[in-house]
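*Asks:* Dropping the structure in here first, questions after.
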Amino acid sequence: MKGPGIKDYLSILQEKKEMAIQSNQALIEINSKELHAEVSPCHATMPTCCQAMYKLMLEGDEILQRPKGATGYGSHLTIRYYLHDTAERVQMYPGKKRGRPAKTEEEKLAAKRAKTKRNTEDLTNLIKVWLDENGWIYEEGKGTLEATNGDKKWIINIQGIKRGRKQTLPVKLSEVLKHINDANAHYSIAFNDSITYRRQWNEIPQNVKERLNMSVILADKKGNITEL
């Protein structure tokens, strides 16, 4: 099931601003982690959440804390929105008159990174941020992340873009199976999202996935994470 989109976030943000104005508040501060937990508790849509927060900024509003990393997206983003003269103040990041809306500097940087090859290191860093935001503690090995959350254990094999011939998901799955040795752990393979990998995963019988206690983690170009 698809998670909330930017319109959903913008609607909630606008509602929060209007309620604060009615309460005669001079300003309101929004944190991306709290907003994401409210709007999208079951889906990893943090980049979309942050995009909406940037989009609603007017001139004079302040970014109190920026996310870690270079993408501009993450759970630390905190913005102070001032509530005076909202009808007269212009957007800090206005859209183009024609065509697609103008991108924020953070969105431009994210787009530039997306044009480069999303290698194993990029994918690993993205998964680490996602795990951290969801309360997992992890240790990094060669091509793997071993994460724990209470008594839960999760071993993730990272399959980013590498040199050489592109392998199919079943071939990569067979390689991972050789290293499954903990009956109490949940196993996943992480890929850069693609229609091909989704189709190949869906072709594997559900009872086989359940017996192996295995899933796939897919990261799209915007950094959104989906587990199947």
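*Asks:* Considering amide H positions built from the backbone, and no H for Pro or chain starts, which residues 5 or more places from residue 153, or on another chain, come under 5 Å of its amide H?
*Replies:* It is 186, by chain and number.
*Asks:* With every protein chain present, what is the per residue accessible area of the stretch 165-210 (1.4 Å probe, Å²)?
*Replies:* 64
*Asks:* Holding the Cα-Cα limit at 21 Å, pick out from 142/209; 33/142; 16/55; 152/209; 16/128 the pairs that are longer than that.
*Replies:* Where the Cα-Cα span goes over 21 Å, the pairs concerned are 142/209; 33/142; 16/128.
*Asks:* Provide the gained length on full extension for the span residue 92 to residue 137, in nm with one decimal, where the gain is 0.36 nm per separating residue minus the Cα-Cα distance.
*Replies:* Full-extension gain reported as 12.5 nm.
*Asks:* While we're on this one: Have a look at the stretch 1-44 and give its Rg and Dmax from the Cα atoms, expressed in angstrom.
*Replies:* Final numbers for Rg and Dmax: 11.8, 39 Å.
*Asks:* Counting Lys and Arg as +1 and Asp and Glu as -1, what is the net charge of the other residues whose Cβ lies under 12 Å from the Cβ of residue 23?
*Replies:* On the way: positive: 16, 17; negative: 18.
So the environment of residue 23 carries a net charge of +1.
The values are calculated or read from the model by the stated rules, or taken from the named source; none is laboratory data. Note that the coordinates shown come from a computational prediction; the quantities given were computed from them, not determined experimentally. Because the Cβ atoms are built from the backbone with ideal geometry, glycine has one as well, and the counts that use them run over all protein chains shown. Note: accessible area is taken over every heavy atom of the protein model, side chains too, but ligands, DNA and RNA are not part of it. Shrake-Rupley method; radii C 1.70, N 1.55, O 1.52, S 1.80 Å.
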